[in-house]
Amino acid sequence: MPALTIDEAVDYACQQLRCGKISAARDSLKMVLSHADHPDAKRLLSQTEPLLPLERVLDVLLHLIIQSNDNDLISNGIAGQRWYRDILTDERYADPRRLERFGAKFYSQNDEDGIIAEIFRRIGTTNRTFLEFGVEKGLENNTLLLTYQDWRGVWMDGSEQNVAFIEQKFAPLIQQQRLRVARQWICAETINDVIGQFSLPKDIDLISIDIDGNDYYIFESIECIRPRVCVIEYNSKLPPPIMAVIRYNPEFSDGLRSDYFGCSLAALTRMANRKGYQLVGCNITGCNAFFVRTDLCDDWFYTPATAEALYQPPRNELAGVFRVGVGAQPGYGHWEIG
């Protein structure tokens, strides 16, 4: 049994980090995690370490220390890590059918990469083809990681600058015909014609919609394909049972300058159910909802599959928790096979 309580040991590790004593902090946390027979340590080991590996946590905190002498910044980073761990200790997330504890960031904005991987681990893939709307520069989206895993697909964005950047940065993928990119303003009236230009499989494996506005209407209008998995942004400031959707305007472009965008999770889920999709989860920061075609769900996912049961509130403060490496900004280039 540890000489310190779990909380005391974590506090001690934080103090050592503030002093720059990385090795002491690492040893303290390893000591706690080594006492797997202690109930609190067992809980921390089983629910936290697989989600936020110790070295990753320390790398993030070390980066904060190197980049700033601001103790408030360091404290906020530590607090974010602890808050995330605390959230996931809630009993509701212990159900193995839920997806929150599988969240992980590699190239996604938050933890979507890990959730997408877990969904396909359960239901399998077919054509390994994706379609993503609103990719910006392509370096932080829901499908870039998939290109490293023999997927291929289409990116669309309405910005001329973003598309020009993608065409230059991702030239190897484009030349190999594994990625196609189009500058396209997405609206409900033309979405099926736009998709039809790319001759995609009807049962495409994944579609991701994040256009900061008419996401609801775009998804509702798609008829030319039947994606197996859909990732769609929702407005988490509108908790269930609120049914709300912005008024449709094909020219709508807010860019998230306000909280008037998109739709509530309850409204999105009701519409998705009509289209034959089941809500299977939301990511922990309250940004994206994940839907799987009902005929593929079986008993793989949590029920009741309702907005009330699976809703996640806005947690923008957690965005800094999902980092990869020490100070590394997302990038892309030609990779040789090792």
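Given H placed 1.01 Å from N in the peptide plane, which residues other than close sequence neighbours of Val154 have an amide H under 5 Å from its amide H?
Phe130, Leu131, Glu132, Arg180
Report the extension gain between Lys169 and Asp299 in nm, rounded to one decimal, defined as 0.36 nm multiplied by the number of residues separating them, less their alpha carbon distance. Walk me through the numbers on the way to the answer.
Values: separation 130, 0.36 × 130 = 46.80 nm, distance 4.11 nm.
Going from the current span to full extension adds 42.7 nm.
What distance in nm lies between label points placed 7 Å from Cα along the C-beta direction at Ser221 and Phe106?
Using points 7 Å along Cα→Cβ, the separation is 3.3 nm.
Test of understanding: what is the full-extension gain from Tyr148 to Glu308, defined as 0.36 nm times their sequence separation minus their Cα-Cα distance?
On the way: separation 160, 0.36 × 160 = 57.60 nm, distance 3.51 nm.
Taking 0.36 nm per residue and subtracting the Cα distance, the gain is 54.1 nm.
On full extension of the chain, what length is gained from Asp212 through Asp259, given 0.36 nm per residue of separation minus the C-alpha to C-alpha distance? Intermediate results must be reported in sequence, preceding the final value.
Working: separation 47, 0.36 × 47 = 16.92 nm, distance 1.00 nm.
Length difference between fully extended and current span is 15.9 nm.
List residues of segment 106-147, by number, whose backbone nitrogen lies under 19 Å from a label position 7 Å along Cα→C-beta of Asp203.
Flagged as within label range: 119-131.
Show me 218-227, 101-110 ranked by packing, highest mean number of other Cβ atoms within 10 Å first.
Listed from highest to lowest mean packing, they are 101-110, 218-227.
Quote the FRET efficiency, to the nearest 0.05, computed for Trp335 versus Ala94 with a Förster distance R0 of 30 Å and r equal to the Cβ-Cβ distance.
E(calc), rounded to 0.05, equals 0.20.
Computed from the coordinates by the stated procedures, all read-outs in this text should not be read as laboratory data. Source: prediction; values computed, not measured. Don't worry about glycine lacking a Cβ; one is built from the backbone with ideal geometry, like all the others, and counts go over all protein chains shown.
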